[in-house]
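Following: one structure in structure tokens, then a few remarks.
The values are calculated or read from the model by the stated rules, or taken from the named source; none is laboratory data. None of the values given here were measured: they were computed from a predicted structure. In this analysis, Cβ positions are derived from the backbone assuming ideal geometry, glycine residues included, and neighbour counts consider all displayed protein chains.
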Ligand SMILES: Nc1ncnc2c1ncn2[C@@H]1O[C@H](COP(=O)(O)OP(=O)(O)OP(=O)(O)O)[C@@H](O)[C@H]1O
């Protein structure tokens, strides 16, 4: 367990140091200048230091490093980094949004937030500005290893060793070239107590970042809270706090217990509240709360009326809410991810397989989404209108363990604001004028056991965002006009074509809701960006042709490839359908004349369609042909006039099929 300790340097210690540096006086525990040291007599940091920093300098010396050591970088290969990213996908899916949030809180361009794995390998960085450029020069970037054996004393490496919050300010860095940095790092603990990763905040030593340590540790706590909440094991989850109003927030204690009442995991708040000093201790329910495990059903039931009081030894009294883990004990277990579903009669691909045509970004999105299926992690799909977000959500459901339950899609932009609440959460009898006599369940209840897809979530009114947040935290729905709470169990998938972070900045979207929704975020490529455009086009054409043997003339294909497709797949599908319809019964080739008129106009008005390079090429072809004509087809003379070799001229002619054909007799053997 992490406990604040008097020996853990605080950020204000770093601030003090920055001040001392600027005034020229340097505190030193030893009064020794590191540069004067021989390798056998370990140097000492020339700064206010702590036993941890001293011990780390000793280790750095033992590794054979010296302060003026030239920077020896240990950069992971692309495959190793990809492997580590994959292995830490869950951690990163929770860490990325809060890292961005933390960085925005700092509003300080001379800083960056980093996530490293537990060995000190940097996985992700968030930051901008000049500082990032300088930081990258000392390899504060993804793929770089910051373990002490390579980098000497540094926040990430020293936390990897000490497993506690550590600040390393300027001169406390062992290597001289890292001393422009002031860094603070904190471990991110797994629910079972071990270290999962390291969160680091680095800045220029001249910069003051108020409350940095508090911000950093609460960010780490937020990540840990989400990690434990997303665990899909256990019988009951217990949320507790000395203050009832903190229940459901990231600063509550949270613990999971298995069928026999043994603790499976808990967060650091829970450890502090329960007085667990051993970071790996997993005591049983009765030991934690002095309540008989056999009374669990009564305790859970009692929570329906509001938080109950659980006592710990020693006090304080704790307010608590106990909930059955998903799924509730009576419903069948469906967590094992099943192989992708295939269409039974035609053998056609379905689910994610049907979306994979070879584009690397799409494949990455699919791979990541597959990994979180069945793990109670919300999926956020971003991408332009018509890029296939809903199809992706359906594939996620179809390939996942909930595929036999409902997939319920709600388009938040399509429902009038006044109706969204009753549509989503349902309503009780007589809740409002015009309500059905018996009331009606909402879409969330319809999705119980299955997947709820909230499309255009960015358009949800702010007041409802607060209600949705509460539902997601408590996993209970209160229909409009009722005080009864109904437990729900849904996999949540949201989509937006507008960047939600921007909406948060504009005050149109709640930051805390974004954290909730943004378990794993994937961004689908726009059609014009897809590397698999041709293969995808053929698939869509086969679909549109519905069994007719048709193909695209190459001129049509290149027009389609060059067009930027603002409406993405939806627009392309419609265009193909029209083109197939315009074919005569005997036609099998779609030609330029079959292009829908509006598309022809749009293509003509698209600046991107006539890029300078293309203009240049056709202009060049005209010149070459005219020159060849002037010289009566004599390639050598034409090449001389154009100032190019004959070989180059032939190549240029070959680029234009017609020109190549008309001058074929001149081709050398
Ligand atoms: N990979 C694909 N294969 C076949 N059709 C696709 C594919 N991706 C998208 N489409 C089609 O494109 C159209 C738009 O897809 P979808 O509704 O999933 O996009 P969207 O991003 O959710 O759109 P919007 O932002 O407008 O809600 C649909 O007709 C869908 O069937």
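Mind checking whether some residue in segment 416-425 is at pLDDT 85 or above, crowded, with 21+ Cβ neighbours inside 10 Å, more than 25 Å from the chain's Cα centre (by Cα) and more than 16 Å from the ligand (Cβ to nearest atom)?
Here is the first cut: in segment 416-425, the residues at pLDDT 85 or above are 424-425.
Remaining after also requiring crowded, with 21+ Cβ neighbours inside 10 Å: 424-425.
Among the residues that remain, those that are also more than 25 Å from the chain's Cα centre (by Cα) are: 424-425.
If we keep only those that are more than 16 Å from the ligand (Cβ to nearest atom) as well, we get 424-425.
Yes; the residues of segment 416-425 include at least one that is at pLDDT 85 or above, crowded, with 21+ Cβ neighbours inside 10 Å, more than 25 Å from the chain's Cα centre (by Cα) and more than 16 Å from the ligand (Cβ to nearest atom).
Might you let me know whether segment 452-460 holds any residue that is surrounded by fewer than 18 Cβ atoms within 10 Å (Cβ to Cβ) and in contact (Cβ under 8 Å) with a residue 12 or more places away in the chain? Quick ask: steps written out before the conclusion?
As a first pass, look at segment 452-460 and keep what is surrounded by fewer than 18 Cβ atoms within 10 Å (Cβ to Cβ): none.
The answer is no, given that none of the residues of segment 452-460 is surrounded by fewer than 18 Cβ atoms within 10 Å (Cβ to Cβ) and in contact (Cβ under 8 Å) with a residue 12 or more places away in the chain.
Run down 158, 153 and say which single residue is outside any loop (DSSP other than H, G, I, E, B) and crowded, with 23+ Cβ neighbours inside 10 Å. Write out each step before concluding.
Details: 153 fails: outside any loop (DSSP other than H, G, I, E, B).
Step by step, each of 158, 153 is checked, and only 158 is outside any loop (DSSP other than H, G, I, E, B) and crowded, with 23+ Cβ neighbours inside 10 Å.
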Quick one: how many residues across segment 244-253 are farther than 19 Å from residue 220 by Cβ and at pLDDT 85 or above? 0
Could you list all residues from segment 501-543 that are within 14 Å of the ligand (Cβ to nearest atom) and touching a strand residue (DSSP E or B) at 6+ places or on another chain (Cβ under 9 Å)? 522, 523, 524, 537, 538, 541
Checking residue 225 against (1) under 25 Å from the mean Cα position of the chain (by Cα); (2) farther than 23 Å from residue 287 by Cβ, only one condition comes out false. Which one? (2)
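Each row is one residue, and each column tells you yes or no for (1) modelled with pLDDT of 65 or more; (2) closer than 30 Å to residue 571 by Cβ; (3) surrounded by 13 or more Cβ atoms within 10 Å (Cβ to Cβ).
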position	(1), (2), (3)
606	yes, yes, yes
624	yes, no, yes
630	yes, no, no
656	no, no, yes
Could you list, in sequence order, all residues of segment 587-599 that are at pLDDT 85 or above, surrounded by fewer than 16 Cβ atoms within 10 Å (Cβ to Cβ) and either part of a loop (DSSP other than H, G, I, E, B) or out of contact with any helix residue (DSSP H, G or I) (no Cβ under 6 Å at 6 or more places or on another chain) (or both)? 587, 588, 589, 591, 593
With (1) surrounded by 18 or more Cβ atoms within 10 Å (Cβ to Cβ); (2) within 14 Å of the ligand (Cβ to nearest atom); (3) at pLDDT below 95 as the list, and residue 392 as the residue in question, which single condition is left unmet? (3)
Residues in segment 123-133: is at least one in a helix (DSSP H, G or I), assigned by TED's automatic domain parsing to the domain that holds residue 197 and touching a strand residue (DSSP E or B) at 6+ places or on another chain (Cβ under 8 Å)? yes
Going through segment 513-545 one residue at a time, which ones are surrounded by fewer than 18 Cβ atoms within 10 Å (Cβ to Cβ) and under 29 Å from residue 227 (Cβ atoms)? 523
Mind counting the residues in segment 123-148 that are within 21 Å of residue 69 (Cα to Cα) and surrounded by fewer than 18 Cβ atoms within 10 Å (Cβ to Cβ)? 4
